[in-house]
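K.L.:
Take this structure, written in structure tokens, and hold onto it; I'll ask about it next.
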Amino acid sequence: MNDAASKDKRRKLVDATMRRFGHSSYALIETLHTVQEAYGYLDDENLEYVSEALRVPLSKIYGVATFYHFFTLKPQGEHTAVLCTGTACYIKGVPAILSAIKENFGVEDGDTTEDNRLSMLTARCIGSCGLAPAMVLDGEIAGQVTPEIVVDRIGRMIHNDT
């Protein structure tokens with residue numbers, strides 16, 4: 001770890017999480033959550049640091065980071081849209097919503113727009129089946145959405161803070 005990283009407040013948060021769990025390998029998921037909260041994503045430098053500190057092979061860390069939907073290995077956009085692809089949502093129009101997002105904002109599932117304004121993600125289920133189709137826009141659940149509603153809400157979301 002370089003000197004700048006050791007003085008970084010975000011790194012101190014990561015260290016505190018590992019210390020709370022006694023630097024045990026059982027702290028891996030909680031530590032990765034802390035890294036992502038502090039840095040916005042799981043970057044290579046931090047994954048290597050966690051690997052050394054917890055004595056967990058880097059291959060296992062990448063396995064965990066890519067298995068769980070919550071973790072991301074790429075920086076996210078300023079705004080995030082997470083579309084539910086669970087059965088109820090899918091049946092009620094998810095394919096058309098995904099197409100509208102791609103057509104209007106030029107972004108596909110798992111990607112971020114070139115201007116870093118919007119990250120588009122999908123989730124197997126967000127637990128709001130009664131609101132199908134549902135999505136999460138910057139942390140707020142939106143239910144019974146249509147392609148038109150989604151395009152309008154995302155448009156307002158990414159253009160209101162410019």
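Every read-out reported here was derived from the displayed coordinates using simple, explicitly stated rules and does not represent laboratory data. Predicted model, so just to flag it, every value in this text is computed and none were measured. Reconstructed Cβ throughout: ideal geometry from the backbone, glycine too, with neighbour counts over all protein chains shown.
K.L.:
Just to confirm a number: summing +1 for Lys and Arg and -1 for Asp and Glu over residues other than F70 whose beta-carbon lies under 13 angstrom from that of F70, what do you get? Kindly include the intermediate steps, with their values, before the conclusion.
P.N.:
Working: positive: R124; negative: E30, E37.
Neighbourhood net charge equals -1.
K.L.:
What distance in nm separates the two pseudo spin-label positions at E103 and D152, each 7 Å out from Cα along the beta-carbon direction?
P.N.:
1.7 nm
K.L.:
If you keep only loop residues by DSSP, which trypsin sites (Lys or Arg not before Pro) in segment 71-125 have at most 12 other Cβ atoms within 10 Å of their Cβ?
P.N.:
Details: sites: K92, K102, R117, R124; in loops: K92, R117, R124.
Sparse-neighbourhood loop trypsin sites (Lys or Arg not before Pro): R124.
K.L.:
Which residue, chosen from A142, F21, Y39, occupies the Cα position most advanced towards the positive end of the dipole of the chain, where the dipole is computed from +1 (Lys, Arg) and -1 (Asp, Glu) charges on Cβ about the Cα centre?
P.N.:
Looking along the dipole axis, the top candidate is F21.
K.L.:
Sticking with this one: So what is the calculated 222 nm ellipticity per residue for the chain, using -39500 (n - 2.57) for each DSSP H run with n of 4 or more, over all residues, to the nearest 500 deg cm²/dmol?
P.N.:
Details: 8 runs with 80 residues, N = 162.
Result for the chain, helices only: -14500 deg cm²/dmol.
K.L.:
With viscosity set to 1.002 mPa s at 20 °C, what whole-number translational diffusion coefficient in µm²/s follows for segment 3-67 from Stokes-Einstein and a Kirkwood radius over Cα pairs?
P.N.:
Numbers: Rh = 11.5 Å.
In µm²/s, the coefficient rounds to 186.
K.L.:
Provide the per-residue ³J(HN,Hα) series for segment 65-71, in order, calculated from phi with Karplus coefficients 6.51, -1.76, 1.60 and θ = phi - 60°, each as a whole number of Hz, with x at glycine and proline positions.
P.N.:
5, 8, 6, 7, 4, 4, 7
K.L.:
With a 10 Å Cβ neighbour count serving as the proxy for reagent exposure, in which order, fewest first, do I29, I97 appear? Before the final figure, lay out each step's value.
P.N.:
On the way: I29 13, I97 25.
Fewest-to-most Cβ neighbours within 10 Å comes out as I29, I97.
K.L.:
Across the chain, how many lysine pairs, 8 or more apart or on two chains, come within less than 27 Å at their alpha-carbon atoms?
P.N.:
Numbers: K7/K74; K9/K60; K9/K74; K12/K60; K12/K74; K60/K74; K74/K102; K92/K102.
Counting lysine pairs in the chain gives 8.
K.L.:
Compute the relative contact order of the chain as a whole-number percentage, counting only Cα pairs closer than 8 Å that sit 6 or more residues apart in sequence.
P.N.:
Averaging sequence separation for qualifying contacts and normalising by length gives 18 percent for the chain.
K.L.:
Here's a follow-up. Let me know the charge dipole size of the chain about its Cα centre in debye, to the nearest 20, where only the beta-carbon of Lys, Arg (+1) and Asp, Glu (-1) is charged.
P.N.:
Numbers: 16 positive and 22 negative charges, 127 e Å.
Charge dipole, the chain, about its Cα centre: 600 debye, nearest 20.
K.L.:
Assign unit charges at the C-beta atoms only (+1 for Lys and Arg, -1 for Asp and Glu), then state the dipole size of segment 3-67 relative to its Cα centre in Debye, rounded to the nearest 20. Show your work: numbers first, answer last.
P.N.:
Numbers: 9 positive and 10 negative charges, 61 e Å.
Dipole magnitude for segment 3-67 comes out near 300 debye.
K.L.:
Which far-off residues, 5 or more places away or on another chain, put their amide H under 5 Å from the one on K74, with H placed in the peptide plane?
P.N.:
For K74, whose amide H was placed from the backbone, the distant partners under 5 Å are L42.
K.L.:
Assign unit charges at the C-beta atoms only (+1 for Lys and Arg, -1 for Asp and Glu), then state the dipole size of segment 79-159 relative to its Cα centre in Debye, rounded to the nearest 20.
P.N.:
Details: 6 positive and 10 negative charges, 59 e Å.
So the magnitude is around 280 debye.
K.L.:
If Rh is defined by the Kirkwood formula over all Cα pairs and Rg also comes from Cα, what ratio Rg/Rh do you get for segment 50-162?
P.N.:
Numbers: Rg = 15.6 Å, Rh = 15.0 Å.
In segment 50-162, Rg relative to Rh is 1.05.
K.L.:
Listing S51, S25, S119 from the residue with the fewest other Cβ atoms within 10 Å to the one with the most, what is the order?
P.N.:
Numbers: S51 17, S25 12, S119 21.
Least to most surrounded, the residues fall as S25, S51, S119.
K.L.:
Further, regarding this structure: In which sequence would L98, L13 go, from the one with the fewest C-beta neighbours within 10 Å to the one with the most?
P.N.:
On the way: L98 18, L13 15.
Arranged by neighbour count, lowest to highest, L98, L13 become L13, L98.
K.L.:
So, one more: Within segment 24-85, which chymotrypsin sites (Phe, Trp or Tyr not before Pro) sit in a loop by DSSP and count at most 12 neighbouring Cβ atoms inside 10 Å? Please list the in-between numbers first.
P.N.:
On the way: sites: Y26, Y39, Y41, Y49, Y62, F67, Y68, F70, F71; in loops: Y41, Y68, F70, F71.
Taking segment 24-85 and a limit of 12 other Cβ atoms within 10 Å, the loop chymotrypsin sites (Phe, Trp or Tyr not before Pro) found are Y68, F70.
K.L.:
Have a look at the DSSP beta bridges in the chain and tell me what percent are antiparallel, nearest 5. Please list the in-between numbers first.
P.N.:
Details: 8 of 14 bridges.
Of those bridges, close to 55 percent are antiparallel.
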